[in-house]
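Presented below is the structure to which this report refers.
The values are calculated or read from the model by the stated rules, or taken from the named source; none is laboratory data. This structure is a prediction, so every number in the text was calculated from the model and none was measured. Ideal geometry is used to build each Cβ from the backbone, glycine not excepted, and the neighbour counts take in all protein chains shown.
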Amino acid sequence: MQASKFWDNIAERYAKRPVADEESYQKKLTVTQGYLQPDMDVLELGCGTGSTAIIHAPFVKHILAIDISAKMIAIAQNKVDAQSINNITFKCTSIDELSMSDNTLDVVLGLSILHLLENREVTIAKVHNMLKPNGIFVTSTACLGDSMKFFKIIGPIGKFFGLMPLVKVFTVKELVDSLTDAGFSIDYQWQPKKSEAVFIVAKKVA
Ligand SMILES: C[S@@+](CC[C@H](N)C(=O)[O-])C[C@H]1O[C@@H](n2cnc3c(N)ncnc32)[C@H](O)[C@@H]1O
């Protein structure tokens, strides 16, 4: 099943689902906002129903928030319309198809997305190109290679039956290596528990 179809199918349920770990989510928002400035241009990859973009919008100039699922984007757009938020642009596109000029963004957000991509290195390199020198890439990523290695076997079965999206299995170290190999330095790293996503703020080395 195509990724867009999988996420379209679950968009309504995803929108209603409460955040799994509210305390960790709040901490990630606070840490992220420590990097935001009112003149900043932000891109969010895989924005889902737009909740995080809406929270950060008052602290920056503009957020372009993209998602491969038209249903996720429709829910997100309804939310900003209802709240008259005018500095977020939602766009239905895949990360691969997104075209942005180099050295133009201050911050890129990639929350619960890098493990869902066929090739995270390609996306990390693309983000590095799009960011200005010293720009920031904020990620939160499930690294199942540390806690659920068996997912390498059950993941493809779940995907085959349309029960799961593509999920790549890698460790925190492998993720950190992908970021540093692409030219990022790790500015902040936090993982609430081994079984939870690792939150990393990576800076494009000038
Ligand atoms: C687990 S959800 C995370 C949503 C949101 N970032 C959050 O933290 O709640 C993953 C999102 O990424 C989107 N997505 C998956 N693959 C994508 C791709 N290749 N390009 C753009 N969006 C993608 C899905 O449609 C889905 O909305």
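Each residue in the stretch 24-45 was checked for being of a type in the set (S, T, N, Q) and within 17 Å of Gly110 (Cβ to Cβ), and 3 of them qualify.
Screening the stretch 124-191 for helices (runs of 4 or more DSSP H) wholly inside it with 3 or more residues that are more than 30 Å from Thr104 (Cβ to Cβ) returns the ranges 144-147, 151-160. When Ala53, Ala65, Ala15, Ala76 are checked against the criterion of being assigned to a helix (DSSP H, G or I), under 28 Å from Trp190 (Cβ atoms), within 11 Å of the ligand (Cβ to nearest atom) and touching a Leu at 6+ places or on another chain (Cβ under 9 Å), a single residue qualifies: Ala53.
Just checking, does the stretch 65-76 include any residue being at pLDDT below 95 and under 25 Å from Leu131 (Cβ atoms)?
No: the stretch 65-76 contains no residue that is at pLDDT below 95 and under 25 Å from Leu131 (Cβ atoms).
Checking the stated criteria, Lys71 turns out not to satisfy the condition of being in contact (Cβ under 8 Å) with a residue 40 or more places away in the chain, among the charged types (D, E, K, R) and closer than 28 Å to Gln189 by Cβ. The set of residues in the stretch 125-161 being out of contact with any Gly (no Cβ under 9 Å at 6 or more places or on another chain), surrounded by fewer than 18 Cβ atoms within 10 Å (Cβ to Cβ), farther than 17 Å from Lys194 by Cβ and among the hydrophobic types (A, V, I, L, M, F, W, C) consists of Ile153, Ile154, Ile157, Phe160, Phe161.
Considered as a group, the residues in the stretch 115-146 that are away from the ligand (no atom under 16 Å from the Cβ) and among the small types (Gly, Ala, Ser) include one that is farthest from Gln2 (Cα to Cα), and that residue is Gly135.
Rundown of residues vs (1) over 22 Å from Lys27 (Cα atoms); (2) more than 15 Å from the chain's Cα centre (by Cα), yes/no style:
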{"residue": "Asn119", "(1), (2)": "yes, no"}
{"residue": "Lys159", "(1), (2)": "yes, yes"}
{"residue": "Phe170", "(1), (2)": "yes, yes"}
{"residue": "Leu175", "(1), (2)": "no, no"}
{"residue": "Tyr188", "(1), (2)": "no, yes"}
{"residue": "Lys193", "(1), (2)": "no, yes"}
{"residue": "Phe199", "(1), (2)": "no, no"}
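Residues in the stretch 79-99 that are away from the ligand (no atom under 11 Å from the Cβ) and either of a type in the set (S, T, N, Q) or exposed (fewer than 15 other Cβ atoms within 10 Å of the Cβ) (or both): Asp81, Ala82, Gln83, Ser84, Asn86, Asn87, Thr89, Ser99. Looking only at the stretch 95-105, decide whether some residue is at positive phi, touching a Gly at 6+ places or on another chain (Cβ under 9 Å) and in contact (Cβ under 8 Å) with a residue 24 or more places away in the chain. Yes, the stretch 95-105 contains a residue that is at positive phi, touching a Gly at 6+ places or on another chain (Cβ under 9 Å) and in contact (Cβ under 8 Å) with a residue 24 or more places away in the chain. What about Val31, is it among the hydrophobic types (A, V, I, L, M, F, W, C), crowded, with 17+ Cβ neighbours inside 10 Å and either touching a residue at least 12 places away in the same chain (Cβ under 8 Å) or more than 10 Å from the ligand (Cβ to nearest atom) (or both)? Taking the combined requirement at face value, the residue does not satisfy it.
Selection of the stretch 29-45 for residues being of a type in the set (Phe, Trp, Tyr) and in a helix (DSSP H, G or I) yields an empty set. Within the stretch 101-110, can one find any residue that is over 29 Å from Trp190 (Cα atoms) and not in a helix (DSSP H, G or I)? Looking through the stretch 101-110, at least one residue is over 29 Å from Trp190 (Cα atoms) and not in a helix (DSSP H, G or I). Residues in the stretch 17-36 that are modelled with pLDDT under 95 and of a type outside the set (Gly, Ala, Ser): Arg17, Pro18, Val19, Asp21.
Residue selection: Gly46 satisfies the criterion of being at pLDDT 95 or above and surrounded by 15 or more Cβ atoms within 10 Å (Cβ to Cβ).
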